[in-house]
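**Student:** Okay, here's the structure, questions in a sec.
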Amino acid sequence: MKLKYIFLSLLAIVKFSACSDDDNIDTTKPEIEIVTPDDDEHFHPGDTFELRAILTDNEELASWKVDIHHNSDGHTHSQVIRLKHGGEHSHEEEEWHFHKEGSIESGTKQYVLILEIEIPHDAEHGDYHLGIYVTDKAGNENKAFITFEVEDDHHEHHD
Amino acid sequence: MRHIFILMLCLLFTLAKGQTSYHIAGLVLDENNRPMPGCHVKTESGFTVTDANGRFIFNQIPASSTSINVTFIGFQPFDTTLIVSGHHHLRIKLSPEDVKLNEVAINGTRLNTAPNLTRQTISGNQLSQQINGTLVKTLDRQAGFNTMDIGASASKPVIRGMGFNRVVVVNNGVKQEGQQWGADHGLEIDPFLSERVEIIRGAASIEHGSDAIGGVLEISSNRVPPSGFSGSWQLLGKSVNETAGSSLLLQQNNGSYFFKGRISVLDYGDYRVPTDNILYLTRRVPIENRRLKNSAGKEQDLFLQGGLVGENWRSSVSTSRVWQKSGFFPGAHGIPDNNRVKDDGNYRNIELPYQSVEHWKATSNTMIQTPHSVITADIGYQLNLRQEWSQFHTHFGNLTPPAVDPDLELEFKLQTLSANAKWNFRLTNQHTLTAGTQWQWQHNRTGGYGFLLPNYDRYTTGIYVRHDFALNRNWHFNAGMRYDIANVETEAFYDPILYNYMLARGVNEETSAFYAQRAMEVSRSFDNISWLAGFRYHSASFWSLSMNFGKSFRVPTASELSANGVHHGSFRHEAGNQHLNPEQSLFADAQLTITADKRKLLISPYIYLFSNYIFLSPTAEWSHLPHTGQIYRYMESKALLGGMEISYNEHLSSHWSIEINGEWIYNRQKPDEHVAAYPLPFSPPANLFTEISYALNPAKKEQSVQLMVNSKAVANQNRISRNEERTAGYILLGARMFIPVTIGKLPASINIQGHNLLNTKYYNHMSFYRKLEIPEPGRNIQVMLNITF
């Protein structure tokens, strides 16, 4: 019987110590809300769109990064498709890549990121991924992704 | 270091010189020349029990005649009278009274080679009864042992909250390689093969050197088979991924030589998960028909062993090949894309991306036994060939696919040569000295269009001594020391394609060059002294206590030293640090064992103080590489890790028994001006395993029908490091049934198991799929038929 009591009291100790809180460490990620553009929106080469995102953190935001790249470097395009692309489309089309980063003034808990982004005239058409990355002061990171399509000028616009 | 060694030798010599009379040293063996620990040995001048290697010794025997009497339950006693006119060295062979009882008795007094360590032995019988996917997963119920899982078919061991290179896996005396790679693949060991597994919880640096910080998993399939021809055949079926598996063992023992061969085959489909979709990078990814696409796989294993058994020695040569091919969930590679996770109408196909793993091993194990000494020598060669196949893709638009094997993304070819030798010398009943050396050479070459690990060469050499001292029946002390030298050389890897790609994107030359240097040339030499001191106290009544203090270490890995780039499994930019030092930790642990008639309670608290825990720390720098966010750098930090394991067993009545295993771990970095007191990554939450067993016919012991109901309760894990996810707790229910039968005239058993009976949706905090929010496998019912002949 004695053993059972020892066992139970040990469990109680474990439970108690497991619940003790840590001294002010921040493991909460910042949050990202992408306002514009919508997911799966369509654009044409030469268009300009506004990227607007609301970044919030429980403690303090630190920095952001925006990365736009063509879906061809995802894991879907095989060698064959790439060659076909290269063959069918003239060489003036360039895979468009956009990269921008910035830091956020210290002490900020909420930051509205606004970027006017111009799609180059020679941007290769297709699906693009837009990713927003945010860190807070403690080093917690969050990211959000949307997809948009860049289509030919003479293409029908289907909304 | 040297002084202590000399001191030890002096001590031994004085002890040896002090003899004015003679000593009688003996070795007790069974009919198969296997040493018998735990035999009672009586002479006129005293009484002793044989040690783990079947040895006993009597000093101070005056020159006259003395009788010797050796007894062991189930064996015919041995009696003789010696005329003592000098030192005597005896080999005593006991004959069993009944062959069946002999097997049971041997299992009952399992060797305990390092009595002070917290050790747990699981026999081949238990393993095959509890088999659950992989060998490592089967052990998950043990206190202090956790698994990092990758779906239903691969797991890595975690002991005391430490995994990867902080745990050593030893297979047939040689350190198994393959742990150093990412969390997305498991241990390459045939789940049917192991004849005995021992889990050492706590640092075991003296005998195992670098990496043995959290503990050691010792797997052996080196047992000499019973006389004559025998074998077994297993058939396994699982519902969660429609596994069909089978394993055949054939063995022959002709007294002086033996052979063993095993072939195992496993084939499984996509596994079931209790969810309709997962959340990956803020996207909902559907899991069609609740089956994780492309998680199917197959495994084919072969094992051959031949051995010779002499009067005083045993030697065997073993070769094995483990081959696995298993798919990766395509939704977990790259940016989420729903097209890739559409049901393809086939649950058993393995499409790209997948991994193929081949592990070849050849080992030679030799043991020489005399009344004073046990000498072991192990030599091993291993080849780890690991390939990841994924349709050719590039993160840098200008890369062209290779002409040969265009879809081979990563290939690692690691060759390892190991050699160990150990000499255990029992001088008196009180003093035993062990000296040993370990040597290892590694040569890693890589291939594929991706890049992850650099080419590297690594040498390690270690020497150690240990002294065991039994003061009396109650007090035992031990102390040991080890010196290691390690040399790591990594090859530089410069990626001109990446350089041009960065330049084309408008990045300046200096930064482009930094990114293009995917691995730095690093040449480092390390040396390290580790030590251990401990005691064990056996009270005359119902309890015993052991405590250990020591220092353990591990040599930094090639990627920790030199990596620079995206780790394609984690999608993080990981940067190595060529100035890292060997990770070192002081530790203390204790084990209190209380045995009261039908109850046994074990409590093992432990604490580690790391002077430089090496881990990937998130930084405030953004990586310029596509698909990546912040850069993670390998850093060193002071850290504290502590915890406790509790196990409790009770035979409630002749029919009922209960087993409870609990574990709790706490860890954190030591805060300084740079870093707050963050918990360490991959920490197992507190957990409790309970199993209640019912034996239908207790008189038949292991041959009775048995029913078991078990549960695993896991607490919330809210103590997370940065960029980890909090993981909710869960309770799983399971059940087992063991039914001995006879098929024809052959003894057999049917073993039915249910895991996750309520089909609970839960996450394993340490699993590779955790951050993708892919839950662990759902309900699984499995049946195993085991026929022995």
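Just so you know, all these numbers are worked out from the coordinates, no wet-lab data involved. These figures come from a predicted structure and were not determined experimentally. Don't worry about glycine lacking a Cβ; one is built from the backbone with ideal geometry, like all the others, and counts go over all protein chains shown.
**Student:** Note down the nm distance, to one decimal, between modelled labels 7 Å out along Cα→Cβ at B:Ile497 and at B:Asp672.
**Tutor:** So the two model labels end up 4.0 nm from each other.
**Student:** Then there's this: Which of the lysines could a cross-linker bridge to B:Lys638, judged by Cα under 19 Å and excluding same-chain residues fewer than eight apart?
**Tutor:** B:Lys551, B:Lys670
**Student:** Ok, one more. Could you let me know the centre-to-centre spacing of the range B:498-512 and the range B:584-639, using Cα atoms, in angstrom?
**Tutor:** 38 Å
**Student:** If neighbour count is taken as other Cβ atoms inside 10 Å, put B:Val507, A:Val150, B:Val136 in order from fewest to most. Could the numbers behind the result be given before it?
**Tutor:** Working: B:Val507 17, A:Val150 20, B:Val136 25.
Fewest to most other Cβ atoms nearby, the residues stand as B:Val507, A:Val150, B:Val136.
**Student:** Here's a follow-up. Expressed in nm to one decimal, what extension gain is obtained for the pair B:Ile263 and B:Arg726 from 0.36 nm per residue of sequence separation less their Cα-Cα distance?
**Tutor:** 162.5 nm
**Student:** What Kirkwood hydrodynamic radius do you get for the protein assembly as shown when you take the inverse of the mean 1/r over all pairs of distinct Cα atoms, in Å?
**Tutor:** 30.5 Å
**Student:** Could I ask something else about it? For chain B, what is the mean residue ellipticity at 222 nm derived from helices alone (per DSSP H run of n ≥ 4: -39500 (n - 2.57); sum divided by total residues; nearest 500 deg cm²/dmol)?
**Tutor:** One gets -2000 deg cm²/dmol as the mean residue ellipticity at 222 nm.
**Student:** Between B:Ser221, B:Pro274, B:Leu235, whose Cα lies farthest towards the positive end of the dipole of the range B:209-298 when Lys and Arg beta carbons carry +1 and Asp and Glu beta carbons carry -1, centred on the Cα centre?
**Tutor:** B:Pro274
**Student:** Taking each residue in B:717-724, count the Cβ atoms of any other chain within 10 Å of its Cβ, then average. What number comes out?
**Tutor:** 5
**Student:** What pairs from B:Lys238/B:Lys342; A:Lys137/B:Lys712; B:Lys600/B:Lys745; B:Lys156/B:Lys298 go past 27 Å between their alpha carbons? Don't skip to the end; give the middle numbers.
**Tutor:** On the way: B:Lys238/B:Lys342 24 Å; A:Lys137/B:Lys712 38 Å; B:Lys600/B:Lys745 38 Å; B:Lys156/B:Lys298 18 Å.
The pairs that break the limit, which is 27 Å between Cα atoms, are A:Lys137/B:Lys712; B:Lys600/B:Lys745.
**Student:** Continuing with the same structure: Quick one: divide the alpha-carbon radius of gyration of the range B:112-788 by 2.2 N^0.38 Å and tell me what you get.
**Tutor:** Rounded to two decimals, the normalised Rg is 0.96.
**Student:** By counting other Cβ atoms within 10 Å of each Cβ, how are B:Trp423, B:Trp656 ranked from fewest to most?
**Tutor:** Working: B:Trp423 16, B:Trp656 13.
Fewest-to-most ranking of B:Trp423, B:Trp656: B:Trp656, B:Trp423.
**Student:** Using amide H atoms built 1.01 Å from N in the peptide plane, name the residues 5+ places from B:Gly151, or on other chains, whose amide H lies under 5 Å from its own.
**Tutor:** Sorted by chain and number, the residues that satisfy this are B:Tyr769.
**Student:** For chain B, what does the relative contact order come out to in percent, with C-alpha contacts under 8 Å and a separation of six or more?
**Tutor:** 9 percent
**Student:** Report, as an integer, the average count of C-beta atoms from other chains found within 10 Å of each Cβ along A:134-147. Walk me through the numbers before you get to the answer.
**Tutor:** On the way: counts 2, 9, 2, 1, 6, 12, 6, 9, 4, 7, 3, 6, 2, 4.
Across A:134-147, the average partner-chain Cβ count within 10 Å equals 5.
**Student:** How far, in nm, would the chain grow between B:Thr71 and B:Gln252 when pulled straight, counting 0.36 nm per residue and subtracting the alpha carbon separation?
**Tutor:** 62.2 nm
**Student:** Then there's this: Starting from the Cα of B:Lys413, draw a straight line to each of the aspartates and glutamates and keep only those under 18 Å, dropping any in the same chain fewer than 8 residues away.
**Tutor:** B:Lys413 reaches B:Glu177, B:Asp184, B:Glu188, B:Glu358, B:Glu388, B:Asp405, B:Asp457, B:Glu489, B:Glu491.
**Student:** Next up: Convert each backbone phi in the range B:21-36 into a coupling constant with the Karplus relation 6.51 cos²θ - 1.76 cosθ + 1.60 (shift: θ = phi - 60°), then list the ³J(HN,Hα) values in order as whole Hz, x for Gly and Pro.
**Tutor:** Karplus-based 3J(HN,Hα) across the range B:21-36 equals 10, 10, 10, 10, 10, x, 10, 9, 10, 8, 5, 9, 6, 8, x, 10 Hz.
**Student:** On to the next question. Hey, what D do you get for the range B:649-713 in µm²/s if you plug the Kirkwood alpha-carbon radius into Stokes-Einstein at 10 °C and 1.306 mPa s?
**Tutor:** Diffusion coefficient, whole number: 106 µm²/s.
**Student:** Let me test this: with uniform point scatterers at the alpha carbons of the range B:608-696, what is the Debye-based log₁₀ I(q)/I(0) at q = 0.18, 0.22, 0.23 1/Å?
**Tutor:** Treating every Cα as an identical point scatterer, log10 I(q)/I(0) equals -0.86, -1.05, -1.09.
**Student:** What does the structure give for A:54-66 when I average, per residue, the other chain Cβ atoms found within 10 Å of the residue Cβ?
**Tutor:** Taking all residues of A:54-66 together, the mean is 1.
**Student:** Out of all DSSP beta bridges with both ends in chain B, state the antiparallel percent to the nearest 5. All intermediate terms of the calculation are to be shown ahead of the outcome.
**Tutor:** Values: 322 of 336 bridges.
The answer is about 95 percent antiparallel.
**Student:** Please list, or write none, the aspartates and glutamates whose alpha carbon is within less than 13 Å of the alpha carbon of B:Lys598, excluding same-chain residues fewer than 8 places away.
**Tutor:** B:Glu650, B:Glu659
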